[in-house]
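First the structure, in the form of structure tokens, and then the observations on it.
The values are calculated or read from the model by the stated rules, or taken from the named source; none is laboratory data. All values reported here derive from a predicted model rather than from experimental measurement. Cβ atoms come from the backbone with ideal geometry, glycine included; neighbour counts cover every protein chain shown. The area values use the complete protein model at the heavy-atom level, side chains included, leaving out ligands, DNA and RNA. Shrake-Rupley method; radii C 1.70, N 1.55, O 1.52, S 1.80 Å.
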Amino acid sequence: MSEQVVEKKQPYLMDIETLYLPAKDPYTTAKWYVDIFGFDPNASHHSPLQEGAGLVVLHTASSLTLFFVQSEDKLSLSFNNLEGYNHAVLLFRVKDSEIEELYSRMIEYGVELATDGIVDRGGCGREIAFYDPDGRKVELNTYGTW
């Protein structure tokens, strides 16, 4: 039996472009991300940060766009693995040189943390887990930025 040679191709999917996230009050949630993480509140010409808006759009430093959409639905974005560890689905990569500053900002703003300070995950980087205003567990991680 002869082996078939399969030509290796790049995956069809390039990256995640957009996340639609339910928010009880999109303005409050988006403003929280702007204040703590430095998002540009006017980066979106169609849905900038405005009080009373049913939709606010923020852009990360890469190509990811976050749509905060007014909704009563909740989306926890975390799950437990078989060993009982709770994983956040939403993880932002940050520069290792800036994680202490971000941690200080989070403490200053009274952010509810899910970890005791900055956790060193060895070869997986350093991370901080926290909850955003809509109760979603989110993580910041420095993997690959040192």
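None of PRO41, PRO133, PRO48 is surrounded by 15 or more Cβ atoms within 10 Å (Cβ to Cβ), touching a residue at least 60 places away in the same chain (Cβ under 8 Å), more than 12 Å from the chain's Cα centre (by Cα) and over 23 Å from ASP15 (Cα atoms) except PRO133.
With respect to being touching a residue at least 24 places away in the same chain (Cβ under 8 Å), among the aromatic types (Phe, Trp, Tyr) and surrounded by 11 or more Cβ atoms within 10 Å (Cβ to Cβ), PHE67 fits the description.
Annotation note: Cβ proximity below 7 Å between a residue of region 4-32 that is under 13 Å from LEU66 (Cα atoms) and touching a residue at least 40 places away in the same chain (Cβ under 8 Å) and a residue that is polar (S, T, N, Q) and outside any loop (DSSP other than H, G, I, E, B) (sequence gap 6+ or interchain) occurs for GLU17/THR65; THR18/THR65; ALA23/THR29; ALA23/GLN70; PRO26/GLN70. So for region 100-122 (the condition being exposed (fewer than 15 other Cβ atoms within 10 Å of the Cβ) and under 26 Å from MET14 (Cβ atoms)), does at least one residue qualify? No, region 100-122 contains no residue that is exposed (fewer than 15 other Cβ atoms within 10 Å of the Cβ) and under 26 Å from MET14 (Cβ atoms). When LEU82, LEU75 are checked against the criterion of being hydrophobic (A, V, I, L, M, F, W, C), open to solvent by 40 Å² or more (accessible area, probe 1.4 Å), touching a residue at least 24 places away in the same chain (Cβ under 8 Å) and part of a loop (DSSP other than H, G, I, E, B), a single residue qualifies: LEU75. Of all residues in region 1-32, how many are of a type outside the set (A, V, I, L, M), within 24 Å of SER76 (Cβ to Cβ) and in a loop (DSSP other than H, G, I, E, B)? Selection size over region 1-32: 4.
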